[in-house]
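Worksheet: the structure to be examined is printed underneath.
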Amino acid sequence: MDSDTTWNANPIVQEFSSKKKIRQSLVEKQKAVVESWFSLETNSDKDDEGKDEPIDEEEIFDLIRSINDPEHPHTLENLMVVSQKQIRIKGDLVEVEFTPTVPHCGMATIIGLCIRVRLLRSLPNRFKVDIMIKKGTHQSENAVNKQLNDKERVAAALENPNLLDVIEQCLASADEHHDCDH
């Protein structure tokens, strides 16, 4: 991030193996774009894509684990912001909980937006995605959770070119990492 403010100057970093299972079906689904989430029109071909194909927590984790932190040159997995244990799937509802590195993290909303955009671009339209800060880990968790799960607020945030650039930078490593798997 270009700001002089560092919310967590010394984050704890955990190294993980870069081995991941190949998820060819999810790679093919990356044609989805954020705008489809906000569209009032339905695309029956897109809606039918992967209609009966189940998805599991590991697949979701594979999509978000390599997103770069907006403040540090580490992934969300390395900073222990996301883990497979923090993902729940209930039918077509995907719930992702994340843990900011510090309770006053000013990047929490951006991290949540990165997770949301990554999943919206990757999953079929039938999935609803809820992104939440882990309870008790951030001083403004209720306000951030409300922002991250409000379609109008998310759409407005994604119209900001500076914010969108930051999100794209965070997602670039995830896209590269995921493309190497197939």
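A probe of 1.4 angstrom, applied to the heavy atoms of all protein chains, finds residue 104 with accessible area near 80 square angstrom.
Could you work out the relative contact order of the stretch 45-140? I mean the mean sequence separation of Cα pairs under 8 Å and 6+ apart, divided by the number of residues, in percent.
31 percent
The overall shape of the stretch 135-176, judged from the alpha-carbon gyration tensor, is oblate: a/c is not under 1.5, and a/b is no greater than b/c. Is the stretch 48-180 best put as rounded, prolate or oblate by its Cα gyration tensor, with a ≥ b ≥ c the root eigenvalues, rounded for a/c under 1.5, and otherwise prolate when a/b is larger than b/c, oblate when not? Rounded is the answer for the stretch 48-180, as its axis ratio a/c remains below 1.5.
The values are calculated or read from the model by the stated rules, or taken from the named source; none is laboratory data. What you are looking at is a predicted structure, and each value in this text was computed from that prediction instead of being measured. Areas reflect the complete protein model, heavy atoms only, side chains present, ligands, DNA and RNA absent. Shrake-Rupley method; radii C 1.70, N 1.55, O 1.52, S 1.80 Å.
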